[in-house]
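Visitor: My questions will all concern the structure given below.
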Amino acid sequence: MRKALVLMLLMTFSGIVGAEIENNLTPSAGKLPQDCRLGELNTLKGYFPFHPVESAEQWARRSVQIQRQIRVAAGLWPWPDKTPLNPVIHGKMDMGDYTIEKVFFESFPGHFVTGNLYRPAAAKEKMPAVLCPHGHWGNGRFFQNDPENIRRALADGSERFESGARCPVQARCVQLARMGCIVFNYDMQGNADSQQLPHYPSTRPDLGNRENWLLAGPMAALHLQNNLGIQCWTSIRCVDFILSLPEVDPTRLAVTGCSGGGTQSMMLCALDDRVTINIPVVMVSTGMQGGCECENAPYLRIGAGNIDFAALTAPRPLYLISANDWTAEIDTKGLPDLKQLYALLGAADNVGGKTLLQFGHNYNCVSRSLIFTRINRQFGLGLKEPVIENDFRALTPEEMTVWDADHPAPNGDNTGEAYEKRFLRRLAAENRQKLDALTPRDEQTLAEYRTIVGGAWEVILGGALSATGPVTADILSVEKNGSYSKQTVHINFPARKEQLPALILRPKGDIKRNIIWITPEGKQGLLTADGFPRSEVKELLDCGCRIIGVDLLYQGDFLTDDQPYTKTRIIEGNSEVGSINRTFCYNYPLFCERVSDILTTIRYARKLGKPSTPLALAGLDTTSGPLVIAAAAMAQGAVTQCAADTGGFRFINITEVDDPAFVPGAAKYHDLPGLLALCAPGQLWLTGEPTQPELISASYRAAGAAANLTLYTGPDTDKLSSAITWLRVEGPF
């Protein structure tokens, strides 16, 4: 009887029961929301399955999204300028049937990539080439195994010769050169000859300040400057270098690396389609994703993982080697998905792999033989299979180094923290210049701005309004209060396992406008202490506006002690991955989660009543203002009006990583003015800005909607009433 009465009241007063919204009466009030985000934070040791697709067209769309996610995370969106390499090749050593040379070139002006170039002694025209990132061997390219490990490798059959057991990185390069390939073995930053920047930057106690910052610190994160991106750019410039050699066949270019070098192989093929075969060794899995700072960056692995990244090689050949480590289950978890994708793309024969459970984490001679055989077949080298390596003379680090008296290593201000600070400031300045040049001037340039800056913010904020999956509602209670009704509901986003407590205040009669009003207190911020609508809310109700309040993550019903949530959860760093990467590579910042919650509420509100009902956002305090601006920017035109108080807020001023408003990447993409520019042409009432940023005005002019921008600069005592008046009368009723 009670349920029937409540349903009748819903039909009479709420107007929200209908085919578009699934409403379920549930008595779950008083409990914490059923939201997966209240559980443990995600880490690199979680489970990262591939997200299957049903068609080549669907994969085409998803692959573009994954690649953009990688580029944004790596700080490579938009691409840096490709400056002259200025390569130097010297110190040729004749090793009989192959030669070794020393190479350095500039990936950025004054920033050097170093390595060794192996060539067949009997060089001919248009030979295949192989890039060999080394992975996390001790001292990288210079790695020399200790006597005990050499003895063990020879005893268990993982190596055939002492030379290969002592220097497995060199062994790979030597044999590939003997097979007829040109091979470039290059350094990760902070390894061997590459010492201008550190490999483990988060281990330092002081990571700089707003004016002079270092890698792994808050300011570097705000600009999305990280080892991952620098290393990815190094690999791309290595492609530029090796393809500049006249004897290289550009249609036959492989990359193969082990462990962290496998990550580099994946990332390079994900970003550069000039590589024609990808062979990542003991890295690709649905398990551990890579524990070094050069393998992690904010946003990189949220909703994606190494299987997705390896899949970006498709339909080009992909061959995986796995071992008795975190890749041990690849044959049942990951590889079947890749085979299904390749078959879908008509390239079923281009993917495969081999799991060697008799060995631990390795790139030993057994694994190398599989790779040599695969490259022999792929490049048509005509060698007898399986291809088995021969003994060789391993070089010492002193013989391999690219630096000597005639070619001195960078020193002084060209290395160390002084160089690092200058390097990062220059990258930030170049990015700012590049994005400032995108300031909209007309519809075409506005569209480009939305693609670059808007595309980056979509990654940072977790997507635009067009998220997949339905939004449903659980109705907890309905109360009629004279001229309005009050409903409490749970808004559900099942695809993400998220649930938002919400309050809906509905006036009698026709609804002229829906307004989502965000407050620091959540839905309770719409009411007085005795449970009645605040006077400003009542004013809007009386003119026919339906008001929706919602508890964003860690507001209202998400709290157990009613205390404001002042510090976001952070995973403490360790010697390899700092707290920023450990947290935000796998979890969105709290600010972004809350923006996503507003977008979920928008999706719900759009289905309330008539589709033509205008929808407004209000964030009339300095905490909520930036949130609703970000949501309006991502709302893809679904929001008719947005009224916001910024209080002069800028992300770049938030330098504590556990601050709820800390957002990696925000400073890179024009900060809050960038989001405001993306709100055009929607109607925008704005206060809190001391002056009107030219970027915002330019965007509204370019959209032909200058009149839609209202900047309030009057007394603070009047700004709330001004916003309410604007919400009541502006736009169509």
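Visitor: Applying the selection to the stretch 508-538, what residues are of a type in the set (Lys, Arg) and touching a Cys at 6+ places or on another chain (Cβ under 6 Å)? Explain how you work it out, then say what you get.
Guide: Step one: list which residues in the stretch 508-538 are of a type in the set (Lys, Arg), which gives 508, 512-513, 523, 534, 538.
Arg513, the sole residue that qualifies.
Visitor: While we're on this one: If you check Leu370 against the conditions, is it farther than 30 Å from Gln189 by Cα and either within 35 Å of the chain's Cα centre (by Cα) or assigned by TED's automatic domain parsing to the domain that holds Gln144 (or both)?
Guide: The answer is no for Leu370.
Visitor: Right, next: Go through the stretch 382-399 residue by residue and tally those that are surrounded by fewer than 13 Cβ atoms within 10 Å (Cβ to Cβ) and of a type in the set (Gly, Ala, Ser).
Guide: Counting residues in the stretch 382-399 that are surrounded by fewer than 13 Cβ atoms within 10 Å (Cβ to Cβ) and of a type in the set (Gly, Ala, Ser) gives 1.
Visitor: Next up: Of (1) closer than 19 Å to Pro501 by Cβ; (2) at pLDDT 95 or above; (3) surrounded by fewer than 17 Cβ atoms within 10 Å (Cβ to Cβ), Ser535 satisfies all except one. Which?
Guide: (1)
Visitor: Can you tell me which residues in the stretch 499-532 are at positive phi, surrounded by fewer than 20 Cβ atoms within 10 Å (Cβ to Cβ) and touching a residue at least 24 places away in the same chain (Cβ under 8 Å)?
Guide: Gly509
Visitor: Would you call Gln563 without any contact (Cβ under 8 Å) to a residue 40 or more places away in the chain and closer than 30 Å to Ile511 by Cβ?
Guide: On the way: without any contact (Cβ under 8 Å) to a residue 40 or more places away in the chain: yes; closer than 30 Å to Ile511 by Cβ: no.
Here the answer is no, as Gln563 does not meet what is asked.
Visitor: In addition: Residues of the stretch 69-86 being basic (Lys, Arg) and surrounded by 17 or more Cβ atoms within 10 Å (Cβ to Cβ), which ones?
Guide: Once the filter is applied, which keeps residues that are basic (Lys, Arg) and surrounded by 17 or more Cβ atoms within 10 Å (Cβ to Cβ), the stretch 69-86 yields only Arg71.
Visitor: Additional query: Please indicate, with yes or no, whether at least one residue in the stretch 488-498 is in contact (Cβ under 8 Å) with a residue 24 or more places away in the chain, over 28 Å from Thr43 (Cβ atoms) and either part of a loop (DSSP other than H, G, I, E, B) or among the hydroxyl-bearing types (Ser, Thr, Tyr) (or both).
Guide: yes
Visitor: Kindly provide the set of residues from the stretch 609-624 that are buried (at least 20 other Cβ atoms within 10 Å of the Cβ) and either out of contact with any Lys or Arg (no Cβ under 7 Å at 6 or more places or on another chain) or not aliphatic (A, V, I, L, M) (or both), ordered by number.
Guide: Leu617, Ala618, Gly619, Leu620, Ser624, listed by residue number.
Visitor: Follow-up. So which strands (runs of 3 or more DSSP E) are wholly in the stretch 63-135 and hold at least 3 residues that are within 23 Å of the chain's Cα centre (by Cα) and touching a residue at least 40 places away in the same chain (Cβ under 8 Å)?
Guide: Passing ranges: none, list empty.
Visitor: Pick from Leu552, Leu540: which is surrounded by 23 or more Cβ atoms within 10 Å (Cβ to Cβ), assigned to a loop (DSSP other than H, G, I, E, B) and not aromatic (Phe, Trp, Tyr)?
Guide: Going through Leu552, Leu540 in turn, just one is surrounded by 23 or more Cβ atoms within 10 Å (Cβ to Cβ), assigned to a loop (DSSP other than H, G, I, E, B) and not aromatic (Phe, Trp, Tyr): Leu552.
Visitor: In the set Asp557, Asp510, Asp561, which member is farther than 27 Å from Ser612 by Cβ and part of a loop (DSSP other than H, G, I, E, B)?
Guide: Asp561
Visitor: Restrict the check to the stretch 714-732 and report whether at least one residue is within 18 Å of Gly647 (Cβ to Cβ), among the polar types (S, T, N, Q) and part of a loop (DSSP other than H, G, I, E, B).
Guide: no
The values are calculated or read from the model by the stated rules, or taken from the named source; none is laboratory data. Note that the structure is a prediction, hence the values are computed from the model and not measured. In this analysis, Cβ positions are derived from the backbone assuming ideal geometry, glycine residues included, and neighbour counts consider all displayed protein chains.
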